[in-house]
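Below: the structure, in structure tokens.
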Amino acid sequence: MEKYFNRLQHFCLSIFIKKIMNMTNLLYTRFPTREVRAGSLGIGGKNPIRIQSMLTANTLDTLACVKEAKELFDAGCELVRLTAQGPAEAQNLKNIKEMLLADGYTGPLSADIHFSPRTALIALEHVEKVRINPGNYIDKKNFKFIEYTEAQYQNELNEIVEALRPLVNRAKELGRCLRIGTNHGSLSDRIMSRYGDTPEGMVESAMEFLRACEYLDFKDIVVSMKSSNPVVMIRATRLLVENFIAEQMSYPLHLGVTEAGEGIEGRIKSAAGIGALLEDGLGDTIRVSLTEKSVKEIPAARALIAPYEDFHSLPLHHPFREQLKERETIYFNKFRNVKHSLYDTSIIVKVDPEEKPPATIHVKDYLYIQGNTSAKESYILRFHPECRVLCDDDFIILDNKNLLDASLPVSEHSFPAANDKFYLVSANISGMNLTGLHRLASTIPGTENKLVLRIPCHTEEDACYLSPAICAGLLPDLACSALLLDSRNAEHSYSIALTILQALRIRITKADFISCPSCGRTEFDLEETTAKIKARLHHLKGIKIAVMGCIVNGPGEMADADFGYVGASHGKIHLYKGMELVKKNIPSEHALDELISLMKEAGVYHE
């Protein structure tokens, strides 16, 4: 009897799952990737999303590296990366690994390599994973535009194969894996000359190396598309997956926003880039790059992946390709030429009917009180006749269930005309499919001027991780009239909304600081220096300032910045205007004053 009951249970469950799959795309699933092993750690496939970080200690300081690595592993980090900028650092990985193993720490290590194939080969002997940057592993970047013939271009691609052959062959012998890590700011002159500083160029940079590795019969590879601009990172990763599908590849994806910064801004910027892609079902391992102690990255990473941890092994069809196709026909054809101008997306701040409006709300933004029109009029009379106030009567609340039902063609969705009202739709992470909102944009005439996105923002986790992830998954692709963060603290939610829109480059209201996480290459105390620079320059609006710990991260990695403060050597700073080095080897105690002088000369500094 029990056997028949179990069969019945299984049958009913299968019917239920099929019903859900046929009627809706709401179930979260991951894009299917191959499993790659870094030692005993599986990345991709049916493994959970892995968390990693990078040491800030000097790789030649064995005891400091071992101590920091232990702290990271104890905090829940699953893979620890170290810089290996030269043969000596690569060789010392052996001592670090042996000390960790002696103390019972068996988690895998990864070596971060720039410029030196010889260093990569040494590191490969001692650690389970090696990261190479296709922008500088073989090519010597001279920031020159080169006119290539097809034959010349193909010759350089052939050189990639031959340069990778020793590394790939040794990786196969040792059972190691590689990460091909493309960075937005360090694309080769070859890629820059043909594709420019674009997501397409980032993707092609990685694909060149992937094709070379496949030609050499090596597939134990993880791939990443990193940028300090979350929108660039999102677009490049989605485009990479399109290429995977077209060329029948399935490599695990490493997600991260490089040089995200520190504090709440750094967390929001990281969550915008990483979270939007996790919501797409993309991403097998993540690193949250903060200009803070490395161990602080782990709780941030844990909070980001928490909504997705229960879904890693669901054997469901992943809808990314269909979503992408539908987005292409809906959004990119309709809104391709829409440019978000300053204040293109308004913010709606929820306030209590008895609460005074925030002191610093912009004239383009709205207040929202729950209640009817009479309550709105009472609020305006009580506080200020020029307040832009909305109430419940000003919204048409859309039914998410019908909106997101993928079994209904777009033409069968019907919504009331907005007239002078706004459409209000609530979005919750991993409980919805973002394509539904893209479908909405094509369904209702004039939606781009009437859609309000309502997102929960009740906790610090909501503010730092959930809200930015949803916004990043929608706002850059969806012409949205306004953003409503549902919070009980009006001042706080307004600040969070401004920070999210700034991270997505939709609305610039303050200075943007692009600061790298510290590592063994860093030439000064990044956390302390970044705080000092922010204290002097935070009042400037619309200026992007990069604070880079070493010459590897500048100037290339700060391609998105207006000014750069870059560690050149111990106690010496290089200053950049855009990509141009304008002041060399400034003593660090005078470097900030010199940076301000440079900004004054450019006419962008004021007290």
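The values are calculated or read from the model by the stated rules, or taken from the named source; none is laboratory data. Values in this document were obtained by computation on a predicted structure and should not be read as measured data. Methodologically, a virtual Cβ is constructed for each residue, glycine included, from the backbone with ideal geometry; neighbour enumeration extends over all protein chains shown.
Looking for something part of a helix (DSSP H, G or I), under 23 Å from the mean Cα position of the chain (by Cα) and hydrophobic (A, V, I, L, M, F, W, C) - is there at least one such residue anywhere in region 177-185? Full working, then the answer.
As a first pass, look at region 177-185 and keep what is part of a helix (DSSP H, G or I): 184-185.
Those still in the list that are under 23 Å from the mean Cα position of the chain (by Cα) too: 184-185.
Right, trim to hydrophobic (A, V, I, L, M, F, W, C) and you get none.
No, region 177-185 contains no residue that is part of a helix (DSSP H, G or I), under 23 Å from the mean Cα position of the chain (by Cα) and hydrophobic (A, V, I, L, M, F, W, C).
Taking the stated definitions as given, is Ile96 farther than 27 Å from Met192 by Cα, β-branched (Val, Ile, Thr) and in contact with a Leu (Cβ under 8 Å, 6 or more places away or on another chain)? Against the criterion (farther than 27 Å from Met192 by Cα, β-branched (Val, Ile, Thr) and in contact with a Leu (Cβ under 8 Å, 6 or more places away or on another chain)), Ile96 qualifies.
Pick from region 265-284 the residues that are touching a Pro at 6+ places or on another chain (Cβ under 7 Å) and in a helix (DSSP H, G or I): which of them is farthest from Glu461 (Cα to Cα)? The selected residue is Gly273.
Please enumerate the residues belonging to region 33-44 that are touching a residue at least 40 places away in the same chain (Cβ under 8 Å) and either assigned to a loop (DSSP other than H, G, I, E, B) or not charged (D, E, K, R) (or both). Hits for region 33-44 are Thr33, Arg34, Glu35, Val36, Ala38, Gly39, Ser40, Leu41, Ile43, Gly44.
When you check Leu174 against the structure, is it of a type outside the set (Asp, Glu), surrounded by fewer than 20 Cβ atoms within 10 Å (Cβ to Cβ), out of contact with any strand residue (DSSP E or B) (no Cβ under 8 Å at 6 or more places or on another chain) and closer than 24 Å to Arg287 by Cβ, yes or no? Give the derivation first.
Working: of a type outside the set (Asp, Glu): yes; surrounded by fewer than 20 Cβ atoms within 10 Å (Cβ to Cβ): yes; out of contact with any strand residue (DSSP E or B) (no Cβ under 8 Å at 6 or more places or on another chain): yes; closer than 24 Å to Arg287 by Cβ: yes.
So Leu174 passes the test.
Just checking, which of Phe335, Phe311 is crowded, with 16+ Cβ neighbours inside 10 Å, within 30 Å of Glu78 (Cα to Cα) and either at pLDDT 90 or above or of a type outside the set (A, V, I, L, M) (or both)?
On the way: Phe335 fails: within 30 Å of Glu78 (Cα to Cα).
That would be Phe311, the only listed residue that is crowded, with 16+ Cβ neighbours inside 10 Å, within 30 Å of Glu78 (Cα to Cα) and either at pLDDT 90 or above or of a type outside the set (A, V, I, L, M) (or both).
So is Lys584 in contact with a His (Cβ under 8 Å, 6 or more places away or on another chain) and of a type in the set (D, E, K, R) or not? When the stated conditions are applied, Lys584 passes them. Going by the structure shown, is Ala151 crowded, with 23+ Cβ neighbours inside 10 Å and free of Cβ contacts under 8 Å to residues at least 60 places away in the same chain? Considered against the rule, which asks whether it is crowded, with 23+ Cβ neighbours inside 10 Å and free of Cβ contacts under 8 Å to residues at least 60 places away in the same chain, Ala151 comes out as no. Here Glu528 fulfils each of the conditions (1) of a type outside the set (S, T, N, Q); (2) modelled with pLDDT of 80 or more; (3) in a strand (DSSP E or B) apart from (3). Just to be sure, is Arg235 part of a helix (DSSP H, G or I), in contact with a helix residue (DSSP H, G or I) (Cβ under 7 Å, 6 or more places away or on another chain), farther than 22 Å from Ala300 by Cα and not hydrophobic (A, V, I, L, M, F, W, C)? The answer is yes for Arg235.
Look through Arg179, Arg165 and report the one residue that is in the same structural domain as Ile286 (by TED's automatic domain parsing), in contact (Cβ under 8 Å) with a residue 12 or more places away in the chain and closer than 13 Å to Ala206 by Cα.
Details: Arg165 fails: closer than 13 Å to Ala206 by Cα.
Exactly one of Arg179, Arg165 is in the same structural domain as Ile286 (by TED's automatic domain parsing), in contact (Cβ under 8 Å) with a residue 12 or more places away in the chain and closer than 13 Å to Ala206 by Cα, namely Arg179.
Within region 381-396, the set of residues being surrounded by 15 or more Cβ atoms within 10 Å (Cβ to Cβ) and either at pLDDT 90 or above or outside the structural domain of Lys356 (by TED's automatic domain parsing) (or both) comprises Val389, Leu390, Cys391, Asp392, Asp394.
When you scan region 127-140, do you find a residue that is surrounded by fewer than 18 Cβ atoms within 10 Å (Cβ to Cβ), modelled with pLDDT under 95 and not hydroxyl-bearing (Ser, Thr, Tyr), even just one? Working first, answer last.
The first filter runs over region 127-140 and keeps only residues surrounded by fewer than 18 Cβ atoms within 10 Å (Cβ to Cβ), leaving 140.
This time we only want the ones that are modelled with pLDDT under 95, so: 140.
Filter once more, so that each one left must be not hydroxyl-bearing (Ser, Thr, Tyr): 140.
Yes, because at least one residue in region 127-140 is surrounded by fewer than 18 Cβ atoms within 10 Å (Cβ to Cβ), modelled with pLDDT under 95 and not hydroxyl-bearing (Ser, Thr, Tyr).
Within region 82-110, work out how many residues are without any contact (Cβ under 8 Å) to a residue 60 or more places away in the chain and more than 21 Å from Ser188 (Cα to Cα).
Step one: filter region 82-110 for residues without any contact (Cβ under 8 Å) to a residue 60 or more places away in the chain, giving 84, 86-88, 90-105, 109.
Adding the requirement that they be more than 21 Å from Ser188 (Cα to Cα) leaves 87-88, 90-105, 109.
Residues that pass the stated criteria total 19.
The residue that is nearest to Leu167 (Cα to Cα), counting only those in region 209-256 that are buried (at least 20 other Cβ atoms within 10 Å of the Cβ) and charged (D, E, K, R), is Asp220.
Do we find that Ala375 is out of contact with any His (no Cβ under 7 Å at 6 or more places or on another chain), of a type in the set (Gly, Ala, Ser), in a helix (DSSP H, G or I) and modelled with pLDDT under 90 in this structure? So Ala375 does not fit the description; no. The set of residues in region 67-123 being aromatic (Phe, Trp, Tyr) and not in a loop (DSSP other than H, G, I, E, B) consists of Phe73 alone.
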